[in-house]
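Student: After the structure tokens below, expect a handful of questions from me.
The values are calculated or read from the model by the stated rules, or taken from the named source; none is laboratory data. The structure presented is a predicted model; accordingly, all values stated were derived computationally and were not measured. Here the Cβ is made from the backbone with ideal geometry for all residues, glycine too, and neighbour counts use every protein chain on show.
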Amino acid sequence: MSSWSISITDSFLNSSLTLPNKIRDKLPDVIEKLKNNPKPTNGHSVKIKGIDLWRIYVTHRYRLFYKYDNQWVKLLKIVERDKDTYKSENLMSIAEEESLCVIKIDEDESLPTQSSFLTSEQLEHWEIPKEYHERLLSIDQEDDLLELPIEPKWIEIIIDCLPSREKSIEEELDLIDKKAEYVLEESDDIRKYLQGEIKNFYLKLSEEQEKILNQKNDYPLLIKGGPGTGKSILAYYQTKKLLKDGYKKILFTTINPSLIEYYIKPLKALIGDDLQAKGVTLKTVDELASEIYRRSYGERYKLATEEICLFCLKSVIHEITIIPSIKNQIINLGLNYLLDEILIVIESRGIESCDEYLQISRFGLGYKPEKQIMEQIWEIYVQWKKILRKSGYITTEHIRQKALEIINKKNTSVFNAIVIDEAQDLSPVAIEILMKLAISKNKFYLTADTEQSLKKLPFAWDFLQDENEYKGEIRTLNRSFRNTEQIGKAYPSIISSVETASFSNLRGEKPKIILTDDLLNQAKLIKVFFKQSSKKFKLPIYTGVILSPERQYGEFLARQLSFYGLASEYQDKLNHNSSNSCIRVLSLESVKGLEFPFVVVVGLTEGLLPNYINNSHRDEQKELLKQQRQLFYIACSRAMRSLLVFGSKNQPSSFLEPLRENDYWQIEVL
Ligand SMILES: Nc1ncnc2c1ncn2[C@@H]1O[C@H](COP(=O)(O)OP(=O)(O)OP(=O)(O)O)[C@@H](O)[C@H]1O
């Protein structure tokens, strides 16, 4: 009876593709043997001297390298036995294998020996789409492969299928060992995968993730954790589990449409292409709220942009009759502060009267005005709303409030379960809408990290705990999977309050900060950084991104890099599209929830990061500074394998100070 579970790596799957068909068919048997007993006592395996690594014969020519521990056998890679396979000393001693029981099979189907870098036969055999063949056949070394504008998945398959040229097999297997593992439920699933019957395998969750997923809860559940701890992953698996448990109508939601777009692929991989048919709705709160609003109030409304809101606010302040000294104080607060006060303090919480406004506990904005001023702000708010309405405009917050009123009146709960990712950026009204749309409050899952809140919103969870009947449970994820150990140690030092989580055992370079005011040289250095990172981690160069605090700066870098021969493109918030053919330059604000192998953050310069908003109160400046520090923290935490930051030499950012005090960053002045 088998007692070991099997996990696999992408490299194992990719290298299985190199196998001739007859040998592929042998894999389930080999895996079954390992399931029964992965130790050399099984009569088929050999331990590699000096390291915790084993190999088992697939056939005379092919070896499967694996590890085992805690009742799990992890299949790393299948390697064809040639002179390269046993480059290293430890692996050289194969004489002992000769006495083992070897599976003898006719290996005629093996591939022809290679003359050029890649051959059409190989590409066909590895099932690389035809459209890429011409470009792939034109290259003559591995480095060129990394710069081809084709989907990263195919480049990774080719790299895994080719014999390693630079690294020893031990080094290569060590790298593979640190990558994600997937669960192979049945030995025969590998054959089904190779025949196209199975498209994906499920990730092997960590113990803490597994525990949260299987927890029986009668309350809303909040899953907290720092960047990269797998909160989104858990949200996907939670959705899958809910379906398995028989829940028919599930809402999966998050903060904006571009993140919804990003989630579609992993959710489909886990659940299937027909999400809607399976009962999973993927929508933002605002999509849901406007659907509800339109059903009652019709389609004839215009959504007020920030510019319109500010313009109307300016005209109200200009025209309103109040004591001049108070008016001056209000003007001194600044239009941006006033708009935040209206949208974040008043509307996002659904405040309906001046009394209520005066009594609420403060959060979000740093500065609390005096009572007299607050009364006038309320008056301005009422007038501002009237002007907006007269001009046919409404705010997103207004739509949410109205939708909530409708839901409260009509009791239109529709979802059996709701999963919310990035809940820290949803307002109390938004969360309340979602709670009301859930038929049962005990199937309500949120993930959040308050250190990653980009808005000045209060954390709706705390608010709901205080003011509503929804008492929930909180669970925390502690292990981060995203970054190398070096990046994982460095970015938390940007915010002193953040504790370093426990990190994956992936290793890389310490992240570098280069201080220079020579922007042309900066573009050249960025190109070198991407080239070196891509080569070091054997990942396609176009998986790298540049994150900029300012559009013009970003556009300049995109132009300059393209000029230096590395195709690059600036993409704004609304125009994100993951490209395989250029380096993307993105705004700092737009990368929440995303991750990239190589990240360059530019603009660590006083005036850019942080960028002071003039005219705001001193307490408010402090809050703004905190927000921008968080933005920098989030940007750096997106980097999976290598991170480079650029700042000014002559106007260094104040955010640099705490980073000089530790040993986690390499700081260089040019
Ligand atoms: N058990 C696991 N094994 C391997 N990789 C994992 C595991 N859990 C998560 N990951 C990987 O870690 C990375 C981060 O996961 P995820 O995006 O879910 O984190 P997050 O907590 O939502 O991060 P953020 O708050 O920064 O958005 C992803 O690449 C994911 O595949």
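Student: Kindly list the number of the only condition in (1) surrounded by fewer than 18 Cβ atoms within 10 Å (Cβ to Cβ); (2) under 19 Å from Val585 (Cα atoms) that fails for Thr516.
Tutor: That leaves (2) as the condition not met.
Student: Based on what the data block shows, is Phe530 more than 21 Å from Thr605 (Cβ to Cβ) and modelled with pLDDT of 95 or more?
Tutor: Judged against the criteria, Phe530 is a match.
Student: Any residue in region 422-431 that is modelled with pLDDT under 75 and either assigned to a helix (DSSP H, G or I) or away from the ligand (no atom under 16 Å from the Cβ) (or both)?
Tutor: So far as region 422-431 goes, no, none of its residues is modelled with pLDDT under 75 and either assigned to a helix (DSSP H, G or I) or away from the ligand (no atom under 16 Å from the Cβ) (or both).
Student: What helices (runs of 4 or more DSSP H), lying completely within region 1-118, carry at least 1 residues that are at pLDDT below 80?
Tutor: Once the helices (runs of 4 or more DSSP H) in region 1-118 are filtered for at least 1 residues that are at pLDDT below 80, what remains is 89-92.
Student: Further question: Out of the residues in region 541-556 that are in contact with a helix residue (DSSP H, G or I) (Cβ under 6 Å, 6 or more places away or on another chain) and over 14 Å from Ser642 (Cβ atoms), which is surrounded by the most Cβ atoms within 10 Å (Cβ to Cβ)?
Tutor: Filtering region 541-556 for residues that are in contact with a helix residue (DSSP H, G or I) (Cβ under 6 Å, 6 or more places away or on another chain) and over 14 Å from Ser642 (Cβ atoms), the one surrounded by the most Cβ atoms within 10 Å (Cβ to Cβ) comes out as Ser548.
Student: Tell me which residues, restricted to region 1-52, are crowded, with 19+ Cβ neighbours inside 10 Å, among the small types (Gly, Ala, Ser) and under 35 Å from the mean Cα position of the chain (by Cα).
Tutor: Correct list: Ser7, Ser11, Ser15, Ser16.
Student: Here are some conditions: (1) of a type in the set (A, V, I, L, M); (2) part of a helix (DSSP H, G or I); (3) within 12 Å of the ligand (Cβ to nearest atom); (4) crowded, with 22+ Cβ neighbours inside 10 Å. Ile255 meets all but one. Which one does it not meet?
Tutor: Among (1) of a type in the set (A, V, I, L, M); (2) part of a helix (DSSP H, G or I); (3) within 12 Å of the ligand (Cβ to nearest atom); (4) crowded, with 22+ Cβ neighbours inside 10 Å, Ile255 violates only (2).
Student: Given Asp340, Asp355, which one is among the acidic types (Asp, Glu) and touching a Leu at 6+ places or on another chain (Cβ under 9 Å)?
Tutor: So the residue among Asp340, Asp355 that is among the acidic types (Asp, Glu) and touching a Leu at 6+ places or on another chain (Cβ under 9 Å) is Asp340.
Student: Anything in region 266-320 that is farther than 25 Å from Thr396 by Cβ, modelled with pLDDT of 90 or more and among the charged types (D, E, K, R)? List them, or say none.
Tutor: Lys268, Asp274, Lys278
Student: Okay, moving on. Among the numbered criteria (1) more than 16 Å from the ligand (Cβ to nearest atom); (2) within 12 Å of Thr253 (Cα to Cα); (3) of a type in the set (S, T, N, Q), which single criterion is violated by Thr447?
Tutor: (1)
Student: While we're looking at this one, here's another question. Can you tell me which residue among Thr476, Thr500, Thr543 is under 28 Å from Ile159 (Cβ atoms), at pLDDT below 95 and under 20 Å from the mean Cα position of the chain (by Cα)?
Tutor: Every option except Thr543 fails the conditions.
Student: One residue is enough: does region 276-295 have a residue meeting the conditions assigned to a helix (DSSP H, G or I) and under 24 Å from Phe596 (Cβ atoms)?
Tutor: Within region 276-295, not a single residue is assigned to a helix (DSSP H, G or I) and under 24 Å from Phe596 (Cβ atoms).
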